[in-house]
Amino acid sequence: IIGDAGYASVFGVEQSQALASLLLMVNDRGAGMALAFFGFSTLLNGILIFQSTFLPRILGILSMVGGLGWLCYLYPPLGTALFPSIMTIGIIGSLAQILWLLIKGVAVDQWTRLAAQST
């Protein structure tokens, strides 16, 4: 909109700036909506981790707390106000899960034992 594209020449400077501002606000709203859906995903992931026996329950708890934080974006003013706290908790939970899987991995003995029982 602000660049040198041919279609942008039909707008005046003020119109281009107003349209660019509008598109930035729409992008912000869309990102907030995406974070609410991400909250549902993270919450469900945390519940599954908490109920499983392959990963420590603390990882599930951290994921559930992070998911509940992202769900604050169901009411965007609340999510925006709490963003620094939500982001900190979410990053800690995600990094803990990533590092656990990279360093320790899944409890393979429990995995094979349960797989043998189910067959």
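Taking only protein heavy atoms and a 1.4 Å probe, the accessible area of the chain is 72% carbon and sulfur. Relative to the longest principal axis of the C-alpha atoms of the chain, give the angle of the C-alpha long axis of helix 57-70, reported between 0 and 90° and rounded to the nearest 10°. Taking the Cα atoms of the chain, the angle to 57-70 is about 20 degrees. Average accessible surface for the chain: 70 Å² per residue, computed with a 1.4 Å probe over protein heavy atoms with every protein chain in place.
Labels on offer are (1) 18.1; (2) 22.9; (3) 17.2, and the one holding Kirkwood radius over Cα pairs in Å computed from this structure is (3). Hey, quick one: spin label on residue 106, modelled 7 Å out along Cα-Cβ, who in the stretch 44-78 has an amide N within reach, i.e. under 13 Å? Output list for this probe position: 49, 52-56.
Could you tell me the distance between the Cα centroids of the stretch 16-47 and the stretch 55-112, to the nearest Å? Here the two parts' Cα centres lie 19 Å apart.
The label-point distance for residue 92 and residue 19, in a model that sets each label 7 Å from Cα toward Cβ, rounds to 4.6 nm.
The values are calculated or read from the model by the stated rules, or taken from the named source; none is laboratory data. A quick note: this is a predicted structure, and the numbers were derived from the prediction, not measured. All Cβ positions, even for glycine, are placed from backbone atoms using ideal geometry, and neighbour counts span all protein chains on display. Heavy atoms of the whole protein, side chains included, go into the accessibility calculation; ligands, DNA and RNA do not. Shrake-Rupley method; radii C 1.70, N 1.55, O 1.52, S 1.80 Å.
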